[in-house]
Structures are given as structure tokens and as C-alpha cells.
Amino acid sequence: MPGEMMKFEVEKKDNIAVLTINRPETLNAMTSGPRTGPYERSRVDYDKYWRGLFQDLKYDPDVRVVVITGAGDKSFSSGADIKDWGARELEWKKAGRRPPKGTVIEEGTTQPFLFLRALHKPSIAAVNGLAVGMGADLALACDMRIASEKAWFWWAYILRGMVPMDGACWLLPRLVGQAKALQILMTGQKVYAEEALRLGIVNEVVPHEQLLDKTMEIAMQIANGPWAAIQLLRYTVYCAERQSFQETLDLSMLCANLEQETIAEGMIAAGVEKRQADFEDK
């Protein structure tokens, strides 16, 4: 239903949670909620839904990796529902008024990306088709991106007269460099799967029918690894974005001191007993 708040379908299995955006009639648009009046969008607590979802995943001991994808064969997510958004803007314009905040958009739509990065668990986007605007930013906010050969990204914000507001201005330059990010964002050019791979936006491009299998294979490999070390590794890598080299070395050494049990198992298995390390419950 147009305007209905987007909610993920969540499936948890084998220490992996798969979150699926299932709104194929809107190409999996990320809409914040229905209207409550002629001009007003409902104050449905979009922020509360996302916060609750990721808090549940963060503290679920049986979830070690989160995979995000879109339903169907065409779309990861088309981002904001621009048909509904445009209709609301037109209604305000015809009424000779402006929304209280100047536009119909609500600040709460930016919060999900913070919750995802604060998950403290690895996240992988399985990009199965188009990823536009907020949808492209949702993929960027994940730790890794595996793309179908049919996938493509489109930061179309500038074509709608707006600055990217859901993380692209921070996330994209860190992947492709400042100059290339500015070109992509200022021109609104589409980035198809193979170019996304060349630029470093995605980790791998795989045949469309193999996308979820390949993504789950990577997720399972991570989920079966030494769990404390996986979490500390993720934390250390993100801390390095704002630390000096020396500070990152110091943090890495601190992590090693916290990982004595897993290090012992890994070294004995590889160096002495010549077997696969058993990191279960470590």
C-alpha cells in the first residue's frame, strides 16, 4: 500500500539474520508511514521501529551476521517513494503553504543508517537490482556489498534538487575517493555492477541467480569464525578511520591481549595439530 511504513521480513537461521525489504510494488521503497491528514505524514515512529529492530539483532546471542536484501529480481531498494513524496509536495504547493520544516521529509529517516553502523556485528548487503537514493545509502552503510550482475546504483538526489542526506556524502568518498564521489553525486550518474566493482563500491559481482547463495556463504564463513575477534576486528577497522597509525596499533595489541583463548586455538590447530581451528563459543 502506498505510504505504508516499510518493515523488513526477518529470518534468523544458523547465526545469520536475513532482512528482506518486501515491497515489490514500489521496487522496495523505504517509506516512513501513512498520512493522518490532508497534508501531514503520520508521525509513525520510524526511528523507533529501526532502533528496536537493530537493538534486537545487536543483543541476540544467536545472530552473528546480518544480511540485507530486497525482494524480487529487480530491486534492492528504490529508496524514498518519490511518487508519494511528490504528491505531498504538490498538495502543499497548491495550498499555498509550506510544511512546518520546509519540506515533507522528516529527520528521522536518517537514523536507521546510524543504527546499522552501531550494530557491532558484520552486515552484508546482497544487492539484487537497482539501489537508488536511500536504498543505495543503505547498501553503503553495510560493512560489505555483494552485487548481482544486474545490480546498479543511482544517487539521484541532485536530480531532485537535494544534497544526499542518508550517508552518501560521508560513505561514498571513503570508498571511491573524493573527486570520483563528487562526480557521481553531482551528476547523478548511474553506476552499474562492473564499474561499482572497479571503483570499490562492491566487494564482488556474481551471477544473478547465485547472489544470495554467495552472500550466505560469506556470511557463514564469518559467523563460524572466532566471534570475539570478529567483533573486535570490525571495531578496530572503523576506529582507524579517526585514529592515528600508532593509536590503531595500540588498539590492535589490546585486542590481541583480549583474544588469548582464540589465538591459542588458532596457533595450535595450524602450527602443531594441522587441523581446522574450532572457534565455537570463542
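The values are calculated or read from the model by the stated rules, or taken from the named source; none is laboratory data. Just so it is clear, the model here is predicted, and its values are computed rather than measured. Neighbour counts run over all protein chains shown; Cβ positions are idealised from the backbone, glycine included.
A few comments on the model shown:
- Hits in segment 229-269 (condition: among the β-branched types (Val, Ile, Thr) and under 17 Å from Pro122 (Cα atoms)): Ile230, Thr236, Val237
- Screening the candidates Val44, Val63, Val67, Val18 for the property of being in the same structural domain as Ala131 (by TED's automatic domain parsing), part of a loop (DSSP other than H, G, I, E, B), among the hydrophobic types (A, V, I, L, M, F, W, C) and at pLDDT 95 or above yields one hit, Val63.
- Any chance Val237 is in a loop (DSSP other than H, G, I, E, B) and of a type outside the set (Ser, Thr, Tyr): no
- Residues in segment 253-266 that are in a helix (DSSP H, G or I) and either surrounded by 15 or more Cβ atoms within 10 Å (Cβ to Cβ) or aliphatic (A, V, I, L, M) (or both): Met253, Leu254, Cys255, Ala256, Leu258, Thr262, Ile263, Ala264, Glu265, Gly266.
- Here Arg234 fulfils each of the conditions (1) within 17 Å of the chain's Cα centre (by Cα); (2) assigned by TED's automatic domain parsing to the domain that holds Met162; (3) charged (D, E, K, R) apart from (2).
- Matching residues in segment 167-200 - criterion: being in contact with an Asp or Glu (Cβ under 8 Å, 6 or more places away or on another chain) and not in a helix (DSSP H, G or I): Gly167
- When Ala125, Ala141, Ala151 are checked against the criterion of being assigned by TED's automatic domain parsing to the domain that holds Lys190 and more than 14 Å from the chain's Cα centre (by Cα), a single residue qualifies: Ala151.
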